[in-house]
Every structure is written in structure tokens, then in C-alpha cells.
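> First, the structure itself, so that you have it in front of you.
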Amino acid sequence: MPPPSRPRPARMPPASRPDQGAPGRVATTEMSFYAEGRAVTWLSIVLNVTLGVVKVGAGWLGNSRALVADGLHSLTDLASDAAVLAGMSVALRPPDHNHPYGHHKAASLVSLVIAGSLLFFGALLILDGVRGLQAGDARVPETLTLVVALGSIGVKEFLYWRTRRVAEATGSRMLLANAWHHRTDSASSLVAAAGIGSAMLLGPEWAFLDAVASIVLAGWLGVEGFRILRGAVDDLMDTAPDPALIDDLREHILPVDGAVAYHDFRARRVGDMVEVDFHLLVEPSLSIEEGHLIAHQVKQAILARHPEVLNLLIHVEPALPAHYRNRGVAGGPTPE
């Protein structure tokens, strides 16, 4: 038996027919997201240039390998900021003949660049720290290096919270990754300050602690690099978004009048955005236009609550017994 009948959907006026205005909504949303992201990233670039130069210079002049390592970490943040800006610029390009689905995966490619830079600098710093231990360098860091390391913590914490607020407001995974990059730089400055302070407090025989701190920081860079690399690979492999987001997307389907059930629901990350598709079951007695209008209402219900959804494709099917068998159908009565 077919599912019980429901009222037919009301006709929509021409101005609100399916899909009209959707591209403009997406473009406006993306422009707003990326405008906020660019502003906070430019601020980060200015501060990272200043911090990187000051820390490397102070570490070189003040006999601190740990502070030099920390300064190079700040310069990798600068590289990641530049990559984020480039990724935003490319991601905003409209679809073209060679890229009919757009350029949003540029954000994932940017993450690969960031991960590669972290792993590269981490390997170099480990080698330098090991050489320092083998050489038995007994030079105690100068007081200036400790002051610079402590001041860097405050600056990087400010950048972390500022970038994280924008990332959470816009739903940008790329910006959130960059925010955590700032947090790791803040933590690395803390480790550098601890190594420098210990070497200064305990005397020349403990000066090796500065080199030990630089090796610890290098390991930190490597771990962070692998973490970002894994996230970028997941995005490029069309990994599904968080289960909580998928559940919330599904909650807006069946409350729409005329939506009987659905199946084959899929979602994937595309850079900082999400693409969704599924099959929607409606009453077999409805016309093609009426079924399409129900699908449009479902689409609008989802887009209104999830601006991070870039594309939403709904395939409309009649609610017949064949569609309920072996299909993982969600919602609606099961026909006999």
C-alpha cells in the first residue's frame, strides 16, 4: 500500500520558483566570509613579520637556539597566512570550463602547503638542536631573549583568539587551522622561555637546556604538520563532515509538508564549504512540478539554517514500495 496521502503543496509565485537567487546567496555569503577572513589574516601577517624578525634577531645575538627556532616558527606562520590569502582568492573564483564545480578545494591545497612547511622547518631545527648538543655549547642566553619570548606569548594569544572568533563566526576550517597555528606558536614561545630561563637560572653547565627546548619545539612543529596534513587529505578525499552537522542537516527535511521520506543522504567537505545530495520521496500521485516544489522548500529550509552549504542536490522519487526496500529510507511509513 502507498503511504497515506498528504495535502498537495501550494503553487509558488514566479518570483520564488525553485533555484532563483541561489547563486547570488552563495556568492554573497562567501564574499562576506572571506572579507572577514582576509582582514584578520592581514593583521596576522603584519604581526608575524615583526615577531619573526625580532625573535630570530634576538636569538642570534643573544645566544638562544630556542628563540631562533621560535622565530622560524613565526615565519612559518607568515607563510601559512600568505597561503590562506591565496587560497581565499582562488576559492572565490567562479566555476569555469575546466573547473565546473568551482575552486573551493584550493583551501585544502593551502593546508598541504602549510603542513609541508611545518615538517620541513621541524626537520631542520631538530638537526640544528642535535648539533648544538653534540658541540656542547655552554653559552648562556642573554636576558633580552627571555623578554622577547615572554612578549611573544601575549601577541600570539591575541592573534589566536581574534582568528578563532572569525573562524567560528564564518565556519571556516582553514581559518580555524590558522588560529591553532597561532596557538602552537604561543605555546612554542612558552617552551622557549622555559628553556632560556632555566639555562640563565642554573648557569653555563645547564646551557644545553636551550638546545633541548629547540628540539622540543621542532617536534611540536612536526606533530602540528602531520595534523594539518591529515585534515587536508581528508578534505581532498571527500571525507564527510562532522556527524553532528550531518544530523542537523537531516533534521530539516521531513518537517517540510509533502516530504514523505528520504534516502542515500550524503555530504562532503569542499574546502570551507559543504556539498549535500540525497533522494527525496514524495507521494506518487503528485505531478512533477508539485514534487519539485516540495524539494525546493526542503532546499530552502536547509540553506536558511546552513549558509556553509555550497551546493544542495535533491533527486525526487515517488514513495513506492520499491524505494523502501534496501535503500536505508529515513522517515515516513513503510508500505506493505
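> With θ taken as phi - 60° and the coefficients 6.51, -1.76 and 1.60, list the Karplus ³J(HN,Hα) couplings across region 67-74 in order, rounded to whole Hz; mark glycine and proline as x.
Each residue of region 67-74 in turn: 6, 4, 4, 5, x, 5, 4, 5 Hz.
> Given +1 on the Cβ of Lys and Arg, -1 on the Cβ of Asp and Glu, and no further charges, what dipole in debye does region 29-142 carry about its Cα centre, rounded to the nearest 20? Each step should come with its number before you reach the end.
Values: 7 positive and 9 negative charges, 31 e Å.
Around 140 debye, computed over region 29-142.
> Relative to the compact globular guide of 2.2 N^0.38 Å, what is the alpha carbon radius of gyration of region 242-324, as a ratio?
Values: Rg = 12.6 Å, N = 83, 2.2 N^0.38 = 11.8 Å.
In units of the globular-protein estimate, region 242-324 measures up at 1.07.
> Can you tell me which of 108-115, 157-164, 36-43 comes out highest on packing, and rank the rest after it, using the mean Cβ neighbours within 10 Å?
On the way: 108-115: 22.5, 157-164: 19.0, 36-43: 17.4.
Final packing ranking: 108-115, 157-164, 36-43.
> Which lysines have a Cα lying under 25 Å from the Cα of K156, excluding residues fewer than 8 positions away in the same chain?
K55
> So, one more: Given the peptides 80-87, 279-286, arrange them by the average over their residues of other C-beta atoms within 10 Å, most packed first. Working shown, then result.
Working: 80-87: 22.1, 279-286: 20.0.
The peptides rank, most packed first, as 80-87, 279-286.
> Could you derive backbone 3J(HN,Hα) for region 294-305 from the dihedral phi with the Karplus parameters 6.51, -1.76 and 1.60 (θ = phi - 60°), listing whole Hz in sequence and x where the residue is Gly or Pro?
Karplus values, whole Hz, x for Gly and Pro: 5, 4, 5, 5, 5, 4, 5, 5, 6, 5, 5, 9.
> Still on this structure, please answer the following. What's the magnitude of the charge dipole for region 22-236 around its Cα centre, counting Lys and Arg as +1 and Asp and Glu as -1 at the beta-carbon? Answer in Debye, nearest 20. Mind dumping the intermediate values first?
Values: 16 positive and 17 negative charges, 79 e Å.
I would put it at about 380 debye.
> Averaging over all projection directions, find the projected area of the Cα convex hull of region 22-236 and quote it in nm² with one decimal place.
On the way: hull surface 46.8 nm².
For region 22-236, averaging the hull's shadow over all directions gives 11.7 nm².
> Still on this structure: Quick one: dipole size for region 242-324, taken about the Cα centre, charges +1 on Lys/Arg Cβ and -1 on Asp/Glu Cβ, in debye to the nearest 20. Please report the intermediate quantities before stating the final value.
On the way: 6 positive and 14 negative charges, 24 e Å.
With Lys and Arg at +1 and Asp and Glu at -1, about 120 debye.
We did not get these values from a lab; they are worked out from the coordinates using the rules stated. Remember, predicted model here, so these are calculated numbers, not experimental data. Heads up, the Cβs are rebuilt from the backbone with ideal geometry, glycines too, and the neighbour counts pull from every protein chain shown.
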